[in-house]
Amino acid sequence: MATGSAPTDPELDAELAALRSRAYGADADIDRDPAALSRLAELEEWHAAVLSRHEPSSEEGPGGEPAAGALAVAPETPEPDIVPEGSARTRAQRLASLALKVVVVVAAGVVIVGLATIGEPRPDAVLQPLGTPPDEQTLRLADNARSMLVDESTLEDFEPFLGLRVWRAETLYGSTCLLVIEPSTDELLATACAPPGAGVIADIYDVPLRSTDDWHEGQPIGTVARFVLEGDAVEAWIYHGVPPG
């Protein structure tokens, strides 16, 4: 088949033209879109393959027969594969190279972020919500936080930590609170509230008079247990006290 152009798919042609405009036009932005970049390389390869399948051989005559004087044996030293600048194949190669660079840059960024977080401190535990209704003890102790206008109907519990029970609740004015209860001593050890956008942090500081609390067992005097509300979970941190020198 000796024709000057190859039959193509109009939809794919239109998609290829649009992607080429984003790659080579005055407002080129495809380098910021890895998916479009990959698609352009794919379509360029498809287009080049279609063209190569329909280009007439230099050794064929008009009817597809070997042209007069055509060699039957390939030359011993093949000609170098020279691709004209701006051809479909050249563009595909250039875009494939650009896509590879984008992948390398993204991978390098992931590695850098990973290295940056290796030395960061991590909470001792991340407490997930349980969905258990508040019991009589919780309701009674939460009532001690009425000065903060805690709405007891919004109480939500989390996994226990060092025997402590941690609850979240809302106030009548839209603030969020953390309540920390020591079941063994039947005490509300901490209540902390903050408006939206501010972090909610509840601290328990242990001193010698309270060193017999169950949560403090095995911890040096002066230890702080910190509870931080992070999204739908509560981070628990332990900061050990330093004995006097």
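Within the stretch 128-153, residues that are closer than 16 Å to E187 by Cα reach partners that are exposed (fewer than 12 other Cβ atoms within 10 Å of the Cβ) with beta carbons closer than 9 Å, at six or more positions or on different chains, in the pairs Q137/D186; R140/D186; L141/D186. Taken together, the residues in the stretch 8-41 that are under 22 Å from S52 (Cβ atoms) and not in a loop (DSSP other than H, G, I, E, B) amount to 16.
Of the set (1) surrounded by 15 or more Cβ atoms within 10 Å (Cβ to Cβ); (2) within 38 Å of the chain's Cα centre (by Cα); (3) in contact (Cβ under 8 Å) with a residue 24 or more places away in the chain, all apply to T171 but (3).
Residues checked against (1) of a type in the set (A, V, I, L, M, F, W, C); (2) touching a Lys or Arg at 6+ places or on another chain (Cβ under 9 Å); (3) at pLDDT below 85; (4) surrounded by 14 or more Cβ atoms within 10 Å (Cβ to Cβ):
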residue: A2; (1), (2), (3), (4): yes, no, yes, no
residue: A6; (1), (2), (3), (4): yes, yes, yes, yes
residue: A14; (1), (2), (3), (4): yes, no, no, no
residue: G25; (1), (2), (3), (4): no, no, yes, no
residue: A35; (1), (2), (3), (4): yes, no, no, no
residue: H54; (1), (2), (3), (4): no, no, yes, yes
residue: S57; (1), (2), (3), (4): no, no, yes, no
residue: E65; (1), (2), (3), (4): no, no, yes, no
residue: A74; (1), (2), (3), (4): yes, no, yes, no
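Checking each residue in the stretch 27-50 for being more than 13 Å from D13 (Cα to Cα) and of a type in the set (K, R) picks out only R32. When the stretch 182-204 is filtered for residues that are among the β-branched types (V, I, T) and closer than 17 Å to F158 by Cβ, the ones remaining, listed by number, are T191, V200, I201, I204.
The residues in the stretch 196-230 that are assigned to a loop (DSSP other than H, G, I, E, B) and modelled with pLDDT of 90 or more can be counted, and the count is 1.
The values are calculated or read from the model by the stated rules, or taken from the named source; none is laboratory data. Quantities reported herein were computed from a predicted structural model and do not represent experimental measurements. Cβ sites come from the backbone with ideal geometry, for glycine too, and all protein chains shown count toward neighbours.
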